[in-house]
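Novice: This is the structure I have questions about; it appears just below.
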Amino acid sequence: MDGNNTSSAQVIAEMIGMGFDYTDIMEAIKVAGPSIPSAVEHILNSTARTPKLHAHNGRKKTVLRKQPFRSCRQVRQSKIFDHFHSNDAKEESPQMGVDPNPIVLSEPFEAQDLDIAYDWEQRVSLLMQKHFGFSSLKTFQKEALSAWLAHKDCLVLAATGSGKSLCFQIPALLSGKVVVVISPLISLMHDQCLKLTRHGISACFLGSGQPDDTVEQKAMGGLYSIVYICPETVLRLIEPLQKLAESHGIALFAIDEVHCVSKWGHDFRPDYRRLSVLRENFSASKLKSLKFDIPLMALTATATKRVREDILKSLHMSKETNVVLTSFFRSNLRFMVKHSRTSQASYAKDFHELIQVYGRKQNMTGNEKYFISDDSDHVSNSSDASSISDTDSVSPDDNQDDYAYKDINIMHSGNTDDFLTGRELSVDFLENDVDVFQSVDNSDVTCGEFCVQPAHKEWELSETIDPPKKPEGRLKFLKKPLEQGPAIIYVPTRKETLRIAKYLCKFGVKAAAYNAGLPKLHLRRVHEEFHENTLEVIVATIAFGMGIDKSNVRRIIHYGWPQSLEAYYQEAGRAGRDGKLADCILYANLANKPSLLPSRKSEDQMKQAYIMLSDCFRYGMNTSCCRAKILVEYFGEDFSHQKCLLCDVCIDGPPQRQNVKEEACILLQTIGAHNECNNYLDCSYDDDIHFHSKHRGLRERPNLQILVGKIRQQFQKFLTTDILWWRGLARILEVKGYIGEGDDKSCAAECAFLCDLISSFPPYNCRPMFRQNTWSQQNWDWNL
Ligand SMILES: Nc1ncnc2c1ncn2[C@@H]1O[C@H](COP(=O)(O)OP(=O)(O)OP(=O)(O)O)[C@@H](O)[C@H]1O
Ligand SMILES: [Mg+2]
């Protein structure tokens, strides 16, 4: 957009959409004029990355710290060429990812002509040695390759960072045929192409982000060993791909991040669902030159049983598909949940430790400043992080309106229209699928580890660090301080990325915001500096997503509820890919039910989204079960270790047990009595005590505050029992199926019956939940 022709109002609107504060925008427009690029630069750079504004032609302009501005494309290409020249791969053509002399290490062969027992492992070993500097496959990689050699489809479910990519890269080397990889993000494809080229394997990517028109034709002519394609492009290229299969041969279709196929997954992409065309169009019955169907290999790190079934069905994978399932357990990740309002008022307490690790005194010279602002709101005047108060305790009930986004709950609103109306009111610069996929799917946003160690070093490193499994070893492992490495803070809204980055910079932390609304040049720079270890903390929305393969990330912090446990585990999985201890901390408001983020989803999908959110809430509320166990069991794994011995729950030990039969009966009777008066034939209640008053009718379901008020009136001894305590109890009853939140499943008559049942309740675990602050309330465990 040409900033000079843009009105101030447009600039303001656009920049609010990027997540900037109104006051910052106004200030920037005053200084830089009503131009989006200038205003954005002003905010991002003027107080952050060194050179302050330079007067130029009467207007102030920013000069970049490293180099003058060039077009994104120029910068990207030169970066890639730099990289190409720095390794001994054969001379590249001037096109991204193009190797005119693809290295075909073995004569093309038909895998089916080989005896499976033949020495393929030895051949693979030699190829890996040559390309990656190591020679041993992991067991799951071996299994996936065996399936491919037997012409079978394969679904690979393996933890984040475990090495799934190798499963589809080796077939290209082994067979000399082309491997087609379907991947959801251009940035991810780009990253992988760069790495492959560095390892002397020719690769390219096709799709909207490919700037060179000739690459597609070359790829369809069999010039590259590995061709990355986004699903939309595959659908367009069926015929050329068929020709490629008949001329050069296609060894395999790999569908990476395959959870995108399923609408029960956390990253549903409709085009992935249409990939069943692969089976239809590349079968032996369709292409006469084929003896076997071209195998499909589907890979993901986050798929529940339901998602897996959906994948197999949607892609029309064969009935004999090999499912290669490895443990989802990441034994070096230390999971923790901390209660926080996750509002600006909590930053001081919550980021105290982070600032102690990454912050520095404020006598900085220009080059050390990142994103620093003059704005002093919410921060003490002292420049020393140690001056931050550690006792930001709040009452659980005084913070209900403080959440970053308003509550929108389809279970309350009951229909999509209400939801959408709510959405209008509540969009607080959220990311949505469209932002993530369109804005980040841009070749200008590169996502590569540009300054990596020589490849074999990387491999050796990840191989040698194997966290101890036995309790004694693990306790020693736990006591080790975290090694150095960057942190990623995930937040739900764009606005929050800027706010927190700005806050951290005030304490000398080298932090930067990342959200899909920010200019591509900024995003690219953040990627680069993150990979170069120049940046210490990235404050990001989900847009900083899949494809981040950086080995030394030491902390993943979620500041606010994630939208699903799948998304949470995948994002957390970016930590500790070197096998060393890493922290995954979720800060969430345990006193408030999380709410759905608005997005363009059908009602069905929203219901599913609500269920996924509830799973997150249960994970957060849990105080008795090992967190790693909850996470891996969520994906259907039988967690053989029982405990990780690292997470906060394992460290803090099991809670005390208490008998709550009496209280449970009283709560049920109170709900029953209220609902009977209001002709509700069920045992439901409304847990949202701040639900908007306009939604309230006379015959409303009781909300928890009303119920607790009634209980207090009737029972003196509960006068001082806090609402949070009752909420915990309500949640146990809900999990147990005794009460429902606003649904009409159970019937009033059941209330009495349920009270009888409850008299057979076992004692429940409960303990003070908020150990690290002054709260005395008790909370309840969901997993009982
Ligand atoms: N056989 C192996 N031996 C040692 N290390 C390996 C092996 N295979 C892969 N790795 C390591 O695993 C790292 C991650 O690989 P890759 O990007 O394929 O992970 P992934 O499973 O696709 O993760 P994600 O689910 O996050 O995409 C690589 O950078 C490499 O260091
Ligand atoms: Mg991967």
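Novice: What is the diffusion coefficient of the stretch 555-635 in µm²/s, taking the Kirkwood radius over Cα pairs and the Stokes-Einstein relation at 4 °C with a viscosity of 1.567 mPa s?
Specialist: So the translational diffusion coefficient is about 95 µm²/s.
Novice: Skip the ligands, DNA and RNA, and give the accessible area per residue of the stretch 476-548 with a 1.4 Å probe, whole Å².
Specialist: Averaged over the residues of the stretch 476-548, the accessible area is 25 Å².
Novice: Return the tail of the calculated pair distribution for the stretch 485-601, meaning the percent of Cα-Cα pairs more than 17 Å apart. Don't skip to the end; give the middle numbers.
Specialist: On the way: 3678 of 6786 pairs.
Result for the distance tail: 54 percent.
Novice: Tabulate in residue order the Karplus-calculated ³J(HN,Hα) for the stretch 564-571, using 6.51 cos²θ - 1.76 cosθ + 1.60 with θ = phi - 60°, rounded to whole Hz; enter x for Gly and Pro.
Specialist: 3J(HN,Hα) across the stretch 564-571, in whole Hz: 7, 6, 4, 4, 4, 5, 5, 5.
Novice: Before I look further, what does the stretch 120-325 give for accessible area per residue, probe 1.4 Å, in whole square angstrom?
Specialist: Details: 6830 Å² over 206 residues.
Result: 33 Å² per residue.
Novice: Using heavy-atom solvent-accessible surface (probe 1.4 Å) with all chains present, what is the largest-first order of Asp638, Asp350, Asp652?
Specialist: Most to least solvent-accessible, the answer reads Asp638, Asp652, Asp350.
Novice: With every protein chain kept in the model, how would you rank Met26, Met220 by accessible area, 1.4 Å probe, largest at the top?
Specialist: Greatest to least solvent exposure: Met26, Met220.
Novice: Listed highest first by mean packing, meaning other Cβ atoms within 10 Å per residue, what order do 561-573, 232-244 come in? Could the numbers behind the result be given before it?
Specialist: Working: 561-573: 23.7, 232-244: 16.6.
Sorting 561-573, 232-244 by mean packing, highest first, produces 561-573, 232-244.
Novice: Compute the distance from the alpha-carbon center of the stretch 115-193 to that of the stretch 342-356, in whole Å.
Specialist: 43 Å
Novice: Let me ask something additional. Quote the FRET efficiency, to the nearest 0.05, computed for Phe292 versus Asn552 with a Förster distance R0 of 35 Å and r equal to the Cβ-Cβ distance. Write out the running numbers ahead of the final one.
Specialist: On the way: r = 42 Å, r/R0 = 1.21.
Efficiency, from the Cβ-Cβ distance: 0.25.
Novice: Next question, about the same structure. Which value, in Å² and to the nearest 10, is the accessible area of Trp264 when all protein chains are kept and the probe is 1.4 Å?
Specialist: Roll a 1.4 Å probe over it and Trp264 shows about 60 Å².
Novice: For Glu280 and Gln129, what is the calculated FRET efficiency with R₀ set at 41 Å and r taken between the beta-carbons, to the nearest 0.05?
Specialist: My answer for the efficiency is 0.60.
Novice: I've got another one for you. What do you get for Rg/Rh over the stretch 8-48 if you use C-alpha atoms and the Kirkwood form of Rh?
Specialist: Across the stretch 8-48, the Cα-based Rg/Rh ratio is 0.90.
Novice: Taking the stretch 208-268, how much of its Cα-Cα pair set, in percent, is spaced more than 18 angstrom apart? Mind showing how you got there, number by number?
Specialist: Numbers: 750 of 1830 pairs.
More than 18 Å apart: 41 percent of the Cα pairs in the stretch 208-268.
Novice: Can you flag which of Lys130/Lys152; Lys338/Lys643; Lys338/Lys710; Lys142/Lys580; Lys142/Lys243; Lys661/Lys717 are past 22 Å Cα-Cα? Walk me through the numbers before you get to the answer.
Specialist: Working: Lys130/Lys152 27 Å; Lys338/Lys643 19 Å; Lys338/Lys710 31 Å; Lys142/Lys580 25 Å; Lys142/Lys243 30 Å; Lys661/Lys717 15 Å.
Listed pairs above 22 Å: Lys130/Lys152; Lys338/Lys710; Lys142/Lys580; Lys142/Lys243.
Novice: Over 24 Å, how big is the tail of the calculated P(r) for the stretch 120-325, in percent of all Cα pairs?
Specialist: Values: 7334 of 21115 pairs.
Cα-Cα pairs of the stretch 120-325 separated by over 24 Å account for 35 percent.
Novice: Applying 1/(1 + (r/R0)^6) with R0 = 35 Å to the Cβ-Cβ distance of Ala345 and Met26, what FRET efficiency is obtained, to the nearest 0.05?
Specialist: For R0 = 35 Å, the calculated efficiency reads 0.90.
Novice: In percent, what relative contact order does the stretch 8-48 have, based on Cα pairs under 8 Å that are 6 or more apart in sequence?
Specialist: 36 percent
Novice: Within 10 Å, count the other beta carbons around each residue, average over each peptide in 711-723, 308-320, 152-164, and list them highest first.
Specialist: So the order, starting with the most tightly packed, is 152-164, 308-320, 711-723.
Novice: Net charge near Leu275, counting Lys/Arg +1 and Asp/Glu -1 over other residues with Cβ under 15 Å of its Cβ?
Specialist: Summing Lys/Arg as +1 and Asp/Glu as -1 gives -2.
Novice: On to the next question. Can you put Leu126, Leu252 in order of accessible area, largest first, using a 1.4 Å probe?
Specialist: Heavy-atom accessible area, descending, gives Leu126, Leu252.
The values are calculated or read from the model by the stated rules, or taken from the named source; none is laboratory data. Keep in mind that what you see is a predicted model, and the values were worked out from it rather than measured. So basically every Cβ, Gly included, is an ideal-geometry build from the backbone, and we count neighbours across all protein chains shown. Surface areas here come from the heavy atoms of the whole protein model, side chains and all, with no ligands, DNA or RNA. Shrake-Rupley method; radii C 1.70, N 1.55, O 1.52, S 1.80 Å.
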